[in-house]
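Chemist: Got a structure here, written out as structure tokens. Questions coming.
The values are calculated or read from the model by the stated rules, or taken from the named source; none is laboratory data. The model shown is predicted, which means the values in this text are computed figures rather than measured ones. Cβ placement follows ideal geometry from the backbone for every residue including glycine, while neighbour counts extend to all protein chains displayed. Note: areas computed on protein heavy atoms with side chains; ligands, DNA, RNA excluded. Shrake-Rupley method; radii C 1.70, N 1.55, O 1.52, S 1.80 Å.
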Amino acid sequence: MSNERFSNEVRRFNTVEFTADRQRPGRTAGRNTLIAFSTAFADDQEPTDIRSTETDATGMALGSPVLERTRNLQRSNLSSLAIDHTRPLKDGLRLVTGYKGMLRLLEADITTETEANGTFSEVPGRVDLFTFTEHIHALYTQFDGGRGPDTAARWNWQIGLRMEQVWNTTTSELLQTNRGNDYFNLFPSAKIKRTHGDASTSALSYGRRINRPGLGQLNPFIDITDSLNQYGGNPALVPELVDAIELAHDRSVRKGDLGLRA
């Protein structure tokens, strides 16, 4: 015997975004403050109809097909506020300081139903409302400067540090859990760049980066849309931190640019 399985998923995605920013020049040249705000609301619906049929060796159906359907409704809001201040210093140095805050609100309403006698009913243990709330607050500072004339060989450098505090909470009605995860991280960065007289540049940079888990990686509900690839998330996941070092050389030629990265 074998099993034939057919699933039909129709995704509907709607989003609304609003942005606003204001730049305020300072009293001295090169000094200014930039304030930027954005917020985005998204509505993602993923209904899936599933039909499974047992067949014999000849491909003939054995009995009536099993009908299932899943309903996955996700709502989200991502808002951010950034305040960036640039101030020129002596000898071509520049100081950049700022703040960035982010708010992530995610909600997943998931239902699995099966058909019996022409009527669909919810499957016990297969219905959940999962919510995720995250507050991110970061302060950062960066110094940059350069040595040498603008029209010939020149050195440029940057060094910076970002301090980030995160508070997040996940809840699951099915598992009756309410889990919090708070953490603090430092993100140093540095870059030195050499501009050569032949219009080529060489640069060495270092930076620490963060990769935050998405809703699907955090949601513990087991998705059965693909029976051969069922998956669920882990609300205890923490972000991935990466220390990246890059050595690059770029050169301009008549028909384009050449670049090497390591």
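Chemist: Under the definition of Cα pairs under 8 Å and six or more residues apart, what whole-number percent is the relative contact order of the chain? Intermediate values should be presented prior to the final figure.
Modeler: On the way: 646 pairs, mean separation 29.5, N = 262.
Relative contact order here is 11 percent.
Chemist: Once every DSSP H run of n ≥ 4 in the chain is given -39500 (n - 2.57) and the sum is divided by its residues, what mean residue ellipticity at 222 nm do you get, rounded to the nearest 500 deg cm²/dmol? It would help to have the intermediate numbers written out before the result.
Modeler: Numbers: 1 runs with 4 residues, N = 262.
Here the helix-only value at 222 nm equals 0 deg cm²/dmol.
Chemist: Here's something else I'd like to know. Would you mind telling me which residue in 30, 59, 160 has the biggest mean-square fluctuation in a Gaussian network model of the chain, where springs connect alpha carbons within a distance under 10 angstrom?
Modeler: 59
Chemist: Straight-line reach from residue 191: which aspartates and glutamates fall under 19 Å, measuring Cα to Cα and dropping same-chain residues less than 8 apart?
Modeler: Candidates past the 8-residue exclusion: 91, 144, 150, 243, 246, 250.
Chemist: Name the residue, out of 23, 230, 45, whose mean-square fluctuation peaks in a Gaussian network model built on the chain with Cα pairs under 10 Å.
Modeler: Highest fluctuation among the options: 230.
Chemist: Can you give the accessible area per residue of the chain, in Å², using a 1.4 Å probe? Walk me through the intermediate numbers first.
Modeler: Values: 17060 Å² over 262 residues.
Spelled out: the 1.4 Å probe surface of the chain, per residue, equals 65 Å².
Chemist: Rounded to a whole number, what % of the accessible area of the chain do carbon and sulfur atoms account for, probe 1.4 Å? Walk me through the intermediate numbers first.
Modeler: Values: 9120 of 17060 Å².
That fraction is 53 percent.
Chemist: Looking at the chain as a GNM with Cα springs under 10 Å, which of 84, 250, 56 has the largest mean-square fluctuation?
Modeler: Largest GNM mean-square fluctuation: 56.
Chemist: Using the Karplus curve 6.51 cos²θ - 1.76 cosθ + 1.60 with θ = phi - 60°, work out ³J(HN,Hα) for each residue of the stretch 41-54 in order, rounded to whole Hz, and write x for Gly and Pro.
Modeler: Per-residue couplings from phi come out as 10, 10, 10, 10, 10, 10, x, 9, 9, 10, 10, 10, 9, 7 Hz.
Chemist: Give the separation of the Cα centroids, the stretch 1-45 to the stretch 80-135, in Å.
Modeler: 11 Å
Chemist: Which one of 166, 98, 88 is farthest out on the positive end of the charge dipole of the stretch 78-180, using unit charges on Cβ (Lys, Arg +1; Asp, Glu -1) and the Cα centre as origin?
Modeler: The residue sitting farthest along the positive end of the dipole is 88.
Chemist: Have a look at 204, 15, 229 and report the one farthest towards the positive end of the charge dipole of the chain, computed about the Cα centre with Cβ charges (Lys/Arg +1, Asp/Glu -1).
Modeler: 204
Chemist: Just in the stretch 125-202: which GluC sites (Glu not before Pro) are loop by DSSP and have at most 13 other Cβ atoms within 10 Å? Numbers along the way, then the final one.
Modeler: On the way: sites: 134, 164, 173; in loops: 173.
Those that pass, being in a loop and sparsely packed, are 173.
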